[in-house]
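Bear in mind that the values in this text are calculations on the coordinates, not laboratory data. Note that the coordinates shown come from a computational prediction; the quantities given were computed from them, not determined experimentally. For neighbour counting, all protein chains shown are included, and Cβ atoms are generated from backbone atoms with ideal geometry for every residue, glycine included.
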Amino acid sequence: MPMISIAIGPVLLLWLMVARSPRARWTVASALAALIVLGGTLIERWPQARWEILLACLAPAVALVAKGRKRVRARLAGGLLTGWILVALVGSAAILWPRPFFPSTDTVLPLPDGLRVTVEPYDDSDCRSGSCTRRLTVAGRDGQPEADLYAEVRGHLAARGWGQGCRPVGWLLDRSTQCVGVSVRGLTVVIALSGNRDDLRDLTTPP
């Protein structure tokens, strides 16, 4: 809802202030408000498609304002309405540009009962040009062999949807991916989570 409100909310307020005809004022305002509610609801349901939903809501907002420009009090007001929508479109395009990121540990936690996990600190030094990585160190139960711990962690990740090692963050427009890797470090297992600017699904193997 906040993203849709930032993009379309100012258009709604401007329209209410400058619309000349009461009928047109409330007809267009109701339609813009409905777009905000609809877009926010859809984004909550399908967050991976948030940019597609945002652009799909901006398109009819543009059409509504373009159709109603003759019903505003001043030509400048119509320009402000159109200008804000253009700013929203350009801003969305800038945000849509893929960039590396730190994935949330919620994609792998909680671990099975009895396993102990330490989320290692991370900062900008853990980022390269196209990827950022954070690590979790997993210790097994007392006396659990490293090979058994490794296999259990891999099975847990597969059950959490990491069977292919990488998965997309977005839908069509956002091509960034988050990936997981597993390695043994002494008596522990390290889970590496990476947030990647590019689609790496064809370049990775299952964890």
Calculated diffusion of region 1-58, Stokes-Einstein form, Kirkwood radius summed over Cα pairs, 25 °C and 0.890 mPa s, µm²/s: 211 µm²/s
Cα centroid distance between region 8-51 and region 138-188, in Å? 42 Å
What whole-number value in cubic angstrom gives the convex hull volume per residue for the C-alpha atoms of region 106-202? 106 Å³
Which net charge results for the neighbourhood of Y122, defined as the other residues with beta-carbon distances under 10 angstrom from its beta-carbon, given Lys and Arg at +1 and Asp and Glu at -1? -2
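Around H156, what is the net charge, scoring Lys/Arg as +1 and Asp/Glu as -1 over all other residues with Cβ under 13 Å from its Cβ? Please report the intermediate quantities before stating the final value.
Working: positive: R154, R160; negative: D113, D148, E152.
Within the 13 Å Cβ shell, the charges total -1.
For a quick protection proxy, order the peptides 111-123, 29-41, 173-185 by their average other-Cβ count within 10 Å, most packed first.
173-185, 29-41, 111-123
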